[in-house]
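The structure appears right after this line, and notes come after that.
The values are calculated or read from the model by the stated rules, or taken from the named source; none is laboratory data. All values derive from a computational prediction rather than experimental measurement. As a convention, Cβ positions derive from the backbone with ideal geometry for all residues, glycine included, and neighbour counts pool all protein chains shown.
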Amino acid sequence: MTKGRLEAFTDGVMAVLITIMVLELKVPEGADLNALAPVLPGFLTYVLSFVYLGIYWNNHHHMLHATQRINGAILWANLHLLFWLSLVPFTTGWMGENHFSALPTAVYGIVRAQGPHSTLAAAIGRDLKGKISPILYAAAIPLAFVHELIADALYVTVALIWLVPDRRIESRLNAETEEAKTAKEAKTAKTAKDAKDAETGTTRRDG
């Protein structure tokens, strides 16, 4: 399987997950602002999950561009990621329908903790984001049973931390592209010079 096929498959799965989440949003039963109150928790949960899926998609894109080849281990690792992402609509709906109750909020964090943050951190080095995210998740899950809003705040904090994608992979890929371009230009120039020298030598012998 090529990188393009793997990326297209993952993109399709994520598009389906977003579609499922938005279809589960309930329409307010009324035309005034008071009608929004019952559906607000579900909408806020949807927004948070949408941001998380966007982060996953962005990081997945960067990681695949840094991948040189696809093997069985990578395929299974990608399926592992997609399994946990496939639970996002379930945990999103459960937490929203129950207005951020303790157990749904804790399960939401467990699913989030299985995301690609640690994998990306391994690819770019154990930086601050890679170290602090598992700690925040580990704290948020039990804190959901103390007060749900504490866990929700920690989930939002992790999302904000990863909202801006890490540019080191992209910078490295751009540097490698420039190196390859320079090497190709040097090879082309050398080939042209060798051809010109050969042509000059042939002209001299004919003369």
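A compact table of results
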item: Test: residue in the stretch 2-12 that is under 20 Å from N98 (Cα atoms), in contact (Cβ under 8 Å) with a residue 60 or more places away in the chain and not in a helix (DSSP H, G or I); result: no
item: Sole residue being in the same structural domain as V111 (by TED's automatic domain parsing) and surrounded by 15 or more Cβ atoms within 10 Å (Cβ to Cβ), chosen from V47, V22, V39; result: V39
item: Hits in the stretch 10-28 (condition: more than 18 Å from L48 (Cβ to Cβ) and polar (S, T, N, Q)); result: T10
item: L53 under 18 Å from the mean Cα position of the chain (by Cα), modelled with pLDDT under 90 and within 30 Å of T2 (Cβ to Cβ); result: no
